[in-house]
Structure formats: C-alpha cells, structure tokens
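Each value in this text was obtained by applying a stated rule to the coordinates, not by laboratory testing. These numbers come from a predicted model, not from an experiment. Glycine also receives a Cβ, built like all others from the backbone with ideal geometry; neighbour counts cover every protein chain displayed.
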Amino acid sequence: MSDEAPVPPASSRTPTAVWIVTAILAAVVVFTTTLAVIEWRRANDVDHAASLRRQAASTAAQFGTALYTYDYKDLAAAKARVLKFASAAYAKGYDANSGAEKDTIAKLQARQAARPSGVFLTDVVKDRVAAVVILNTALQSTAGNRTSVQYLDVALVRESGAWKVATARPAVTS
C-alpha cells in the first residue's frame, strides 16, 4: 500500500464569500443603472419644460410686436400678423373690437413699431402660461410722434403643439 493519504474529491461548490461579493456587485450595478435612468429622465423633463417656456416667451414677444406694429396704409397685414398668434376665441374678439381703432389709425395716418425688451413668464401648468411682455414702441402720426414703453399681459394656451394667445390686455402700471 501506499503511504499517501487519500485526496478528497475537489469540491464543486463556490465559496460563500464569492457569492456575497457577486451579490453586492450586482446590487451596485442595479442601483447605479436605476439612478442613471432616473437622473436622465429628470434632466429630460427639465429640458422639456425649459423648451416649452422658451417657445411660450417667443410667441408672447412676437404677438406683442405684431399687436403694437402697424401702418395705416396696410392694416390688413397688421391684423394678419396678430391673428397668426391668436387662439380662435381671441381672434373672434379681436375682429369685433378693431373697427373703431382702424378709423382712428387711418384718420391720424399712424404708424407704430414695437420691439420687445423683456418677457416674464409664470410656470407652465397644463399647457397654459401667463406672461408680461415689455415693449418699446415708437409712434408717428399727424398728431405728433412719441416713444413709450408698453406692458402687455398675455395668457397663452398650447393648441396642436403651438402656443396661441388666449387673452391679451395692456398691463396697468402705476
């Protein structure tokens, strides 16, 4: 017989420490991936909200410019520029109120140009946002010339993927 001790068969079991390390690494990978997805979605939501605000501010500024820019020789073009940014409800009211203004503008041979100098927005809530547009205006007419700063309160609503003006009125300043 031989003096060598019998060699026990090799164990096919993985040591417990290896399982623990593997489980911890798997948990870290799952946690890191989950956190990355959450942060990516949050960043995407923030980018989307900022994009909506930029679009709304742009529409409000363009509307204010269109509303306060006109030439007595072509009031139809001025009206078309305003209606481009208007909701159906606002357009209906704008049509009803513009008759007397047209007569006065034509009588005075008035021309006005506006340039936006600022837009302040509320938060976008359910496809609605309010804005105050600050406009520098220059008016020329037979009655004289004047420059002024106009403040315009605007409520916008998102229709078919675009911001439209639902209401607009001159802001009261003191």
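In the range 102-122, the residues that are within 19 Å of Ala155 (Cβ to Cβ) form Cβ pairs under 9 Å with partners that are loosely packed, with under 15 Cβ neighbours inside 10 Å and among the polar types (S, T, N, Q), at six or more places apart or across chains, as follows: Val119/Ser58. Is there a residue being part of a helix (DSSP H, G or I), surrounded by 15 or more Cβ atoms within 10 Å (Cβ to Cβ) and of a type outside the set (D, E, K, R) anywhere in the range 118-126? No: zero hits.
Just wondering, is there one or more residues in the range 69-80 that are under 27 Å from Gln55 (Cβ atoms) and surrounded by fewer than 14 Cβ atoms within 10 Å (Cβ to Cβ)? Yes, some residue in the range 69-80 is under 27 Å from Gln55 (Cβ atoms) and surrounded by fewer than 14 Cβ atoms within 10 Å (Cβ to Cβ). Scanning the range 84-112 for residues that are loosely packed, with under 15 Cβ neighbours inside 10 Å and hydrophobic (A, V, I, L, M, F, W, C) turns up Ala88, Ala89, Ala96, Ala100, Ala106. In the set Thr167, Thr142, only one residue is exposed (fewer than 11 other Cβ atoms within 10 Å of the Cβ), within 20 Å of Glu101 (Cα to Cα) and touching a residue at least 24 places away in the same chain (Cβ under 8 Å); that residue is Thr142.
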